[in-house]
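This report refers to the structure that appears directly beneath it.
The values are calculated or read from the model by the stated rules, or taken from the named source; none is laboratory data. Source: prediction; values computed, not measured. No Cβ is skipped: glycine too gets one built from the backbone with ideal geometry, and neighbour counts run over all protein chains shown.
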Amino acid sequence: MFSVGVILFIIIQGIFPFKEAKKDEYFYNLIINGKLDTYWSKVGGQSLSPEFKDLILRMFSYDGSKRPTVDEIKAHPWMTGKGIDIKGIRGDLIERLSASRSEKTAASSNADGSRRAGKGTDQRLHLVREPVSESNLQNYMFNDKTDFMTQCDPGYIVELIEEFNANRYDN
């Protein structure tokens, strides 16, 4: 259950919840000592639902006997989605993704082409990866205080996954 919790956290937040599940590890120590406001602010989870936070913290319990069973997880309010308009949320996400795609398509068709052409460059490189700036590169690094850099918006990760899946089945 602990490992499933880690995977669930990664899916939702787009980052690892902690480096190691040890009492002396900074992030895990915040959880087991009940410093949850600090933990959620450090991992960018302030806006996560109380139901998700409850489920994930129970899955991260230091005492394995206090972790939920599969049946308890299935019945948890976050998993059942009671009172949540799933179809509306899905429709909103698809609409936002379509708008984002339209903006990107318009921007690429208006580009001057200088990025795509040039002596000695592979003209298909832009299809693989956008250039990485120094500021973006820092979003994926740890600092020397065993702290996560959480400037990357987890919602962006979800949009990338949705876009990837949609493109995979469109072609």
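The residue of region 1-26 that is farthest from LYS82 (Cα to Cα), among those that are within 17 Å of the chain's Cα centre (by Cα) and aromatic (Phe, Trp, Tyr), is PHE18.
Residues of region 68-105 that are in contact with a helix residue (DSSP H, G or I) (Cβ under 6 Å, 6 or more places away or on another chain) and of a type outside the set (A, V, I, L, M, F, W, C): PRO68, HIS76, PRO77.
Within this structure, MET59 passes the test of being in contact with a Phe, Trp or Tyr (Cβ under 8 Å, 6 or more places away or on another chain) and among the hydrophobic types (A, V, I, L, M, F, W, C). The set of residues in region 1-53 being in a helix (DSSP H, G or I), surrounded by 14 or more Cβ atoms within 10 Å (Cβ to Cβ) and acidic (Asp, Glu) consists of GLU51 alone.
Rundown of residues vs (1) surrounded by 12 or more Cβ atoms within 10 Å (Cβ to Cβ); (2) within 30 Å of PHE27 (Cβ to Cβ); (3) out of contact with any Cys (no Cβ under 6 Å at 6 or more places or on another chain); (4) at pLDDT below 60, yes/no style:
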residue: MET59; (1), (2), (3), (4): yes, yes, yes, no
residue: THR105; (1), (2), (3), (4): no, no, yes, no
residue: ARG115; (1), (2), (3), (4): yes, no, yes, yes
residue: GLN123; (1), (2), (3), (4): no, no, yes, yes
residue: GLN151; (1), (2), (3), (4): no, yes, yes, yes
residue: ILE157; (1), (2), (3), (4): yes, yes, yes, no
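Looking only at region 13-22, decide whether some residue is touching a Gly at 6+ places or on another chain (Cβ under 8 Å), within 30 Å of GLU163 (Cα to Cα) and of a type in the set (S, T, N, Q). Within region 13-22, one or more residues are touching a Gly at 6+ places or on another chain (Cβ under 8 Å), within 30 Å of GLU163 (Cα to Cα) and of a type in the set (S, T, N, Q). Residues in region 80-89: is at least one at pLDDT 85 or above and part of a helix (DSSP H, G or I)? No - not one qualifying residue is present in region 80-89.
Here GLY64, GLY34, GLY45 are screened, and the one residue that is assigned by TED's automatic domain parsing to the domain that holds GLU162, on the phi > 0 side of the Ramachandran plot and either of a type outside the set (S, T, N, Q) or under 18 Å from the mean Cα position of the chain (by Cα) (or both) is GLY34.
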